[in-house]
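Please read the structure below before turning to the comments.
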Amino acid sequence: MKIRLPQYTALSVLLAAALVSGFSACEAIAEIPPNSPVTPLAPVSPADESDSPYHVVFSDSTATVNLSTLSNQDVYLVKINKSTSTVSATNTGSAIVSSSSSSFQQASGQQAPLDADDPPPVDTGPFMDLPRALDWQPSEALWEAERFRDSLRSTALSEGAPARQATFAIGDPKSFWVDSASGHSGWFALSATLRAQGTYCNVWVADADYDNASATGNSDYKINTAQAVALKDKFDIIYPLETNLFGYEFGGGLASSDPNYGGRDGDTRIQIFIYRDSMEGLGGYFWSKDYFTQANPGATSTTKTNEAEIFYLNSNWLDKDNPNFMYSTLAHEFQHMINFNMKYVKQGGLSAAVWYNEMLSMLAEDILDPLIGVAATADGHPIQQRMPSFLATYNDYGLEQWVASTAAVYPKNYAFGAYLVRNYGGPLLLQKILANNKVDADSISAALTEIKPGIDFNYALDRYGEALIFNSNAADLISFNHSITQTVNGSSYSFTGFDIWNMTRNPGTDKGPKSYDAQTDVKAHSVHLQRIATNQSGNFSVTLKKPVSPSIALYIMTRTHTN
């Protein structure tokens, strides 16, 4: 059979594959011996573990892999945990080097070279969402009562009652409920004024945080009219592009005769409220409690609702000399609002897990940022904001794990989503994830299968390690370095490829993903890289101990050594 061996990503298996270098991509004929413990690189095919590339198949308690004709290669043992629980290091299998050529260099005690004790990552931005909002779940009684109110309203409109439609003008005052600010106990009303109005949004600024004489971007926490107008202009670009791909917020995209036209507040515009009090450490947030009416008997005084399609932004982070992060946050928070409607409202109370919802919001940033002037290479784009920390922490947290108020948990969710869309369907995959009637891993599986029958969440997880090892943009190889452009419903969308091996991880000065040591537990639904040999030439043999846990899959991969 033929194995494609692009430069920097070659794997020599069992004295069978000849490494050919000097070209961006080349082919070598490989005869795979019978009963080989390593399966060859397979094309995208139905999810069968035995077809996974470089997968080590055990017929006994150990399996020996012989690599040949290596040329300055680093050898990695890649572990994939396909369960929803952390697996102890002692149950994940191990590598025992048995022989090699004279150029073999091995890290002492199978430890990760140089970087096993890296400190925790440096947060490069605030926590994106209010923990109380993320944790808040309406009761079944509250949900049913709200739906009953909606049905009564629908009946009244059908009998000729006038539809609600809020109208606001620049300079109008309004108060908004906010929670837990300094000097206040519980909920309190914060006064604001409408400072900018677009086709798709109203931008309200808290009166305490507005000063039109304040210079733009001077970090004095004060917002002027020009800053509110700039935010409005960005959202007016975002709204039609995001709704075309993701779907609509509650009340959006409907005919004016529809009883839900304009949503909870009857206003076809999204409300964006900018304030600082109680927002310390946050970039912004969406809170689904605002979908519910205060008149609902289940909405007690302990939770105040603004009865609107609304999200909130921190004036502190907007008033920077480079506000790209907050422009990106517009797309992020709007996805949460859309997600609530597409999954919870339309699907009868279907609640998405935080990791899944956050992954989709960061993918919204990823795909929409360049369309509002935030390039993939710019500060504020999630590639630059999240990936350096991911490279230092990718096995520190499980995919579904969420730690409140810890910005370090965002990178692992973004990276997995970035890998998915760049290898399994692009913008169309994103659209299908939002449109289906499932959430979490089931939603991802359904969307993947719709695009390519036989591909699902587990298949993508099986191949995740390749994206951390390889950096080729060859179409038939898995990596983050794939750019993809598609037209969806008449609009063009792109994901930009990027090379993680030319990216400095945060913290530190080394490039590419961290190598963990053999004593590290493998977190739930995660990938774990262990570099077992460096700068290897000639022949190399490694015996692998079979994992005790059936949830762990082992792979051997190589890449060209770089200093």
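The values are calculated or read from the model by the stated rules, or taken from the named source; none is laboratory data. All of these numbers come straight from a predicted model, not from anything done at the bench. Cβ sites come from the backbone with ideal geometry, for glycine too, and all protein chains shown count toward neighbours.
General observations
- Residue within segment 436-449 that is within 27 Å of T377 (Cα to Cα) and crowded, with 21+ Cβ neighbours inside 10 Å present: no
- Considering (1) at pLDDT below 85; (2) in a loop (DSSP other than H, G, I, E, B), the lone condition that S99 does not fulfil carries the number (2).
- Among (1) hydroxyl-bearing (S, T, Y); (2) in contact with a helix residue (DSSP H, G or I) (Cβ under 6 Å, 6 or more places away or on another chain); (3) assigned to a helix (DSSP H, G or I) - the single one Y493 does not satisfy: (3)
- Positions within segment 376-410 being within 17 Å of T496 (Cα to Cα) and either touching a strand residue (DSSP E or B) at 6+ places or on another chain (Cβ under 8 Å) or not β-branched (V, I, T) (or both), in sequence order: A376, A378, D379, G380, H381, P382, Q384, Q385, R386, M387, P388
- Residue within segment 325-345 that is surrounded by fewer than 24 Cβ atoms within 10 Å (Cβ to Cβ), outside any helix (DSSP H, G or I) and out of contact with any Lys or Arg (no Cβ under 7 Å at 6 or more places or on another chain) present: no
- Tally of residues being outside any helix (DSSP H, G or I), small (G, A, S) and farther than 27 Å from P131 by Cβ across segment 179-229: 6
- L371 outside any loop (DSSP other than H, G, I, E, B) and surrounded by fewer than 18 Cβ atoms within 10 Å (Cβ to Cβ): yes
- Flag if W143 is under 29 Å from K343 (Cβ atoms) and assigned to a helix (DSSP H, G or I): yes
- Answer from N395, N437 - the residue that is among the polar types (S, T, N, Q) and either in contact with a His (Cβ under 7 Å, 6 or more places away or on another chain) or on the phi > 0 side of the Ramachandran plot (or both): N395
- Candidates T86, T124, T92, filtered to the one that is modelled with pLDDT under 90, among the polar types (S, T, N, Q) and in contact with a Lys or Arg (Cβ under 9 Å, 6 or more places away or on another chain): T124
- Test: residue in segment 246-255 that is part of a loop (DSSP other than H, G, I, E, B), without any contact (Cβ under 8 Å) to a residue 12 or more places away in the chain and within 28 Å of the chain's Cα centre (by Cα): yes
- Qualifying residue in segment 398-407 (condition: free of Cβ contacts under 8 Å to residues at least 60 places away in the same chain and more than 29 Å from L477 (Cβ to Cβ)): yes
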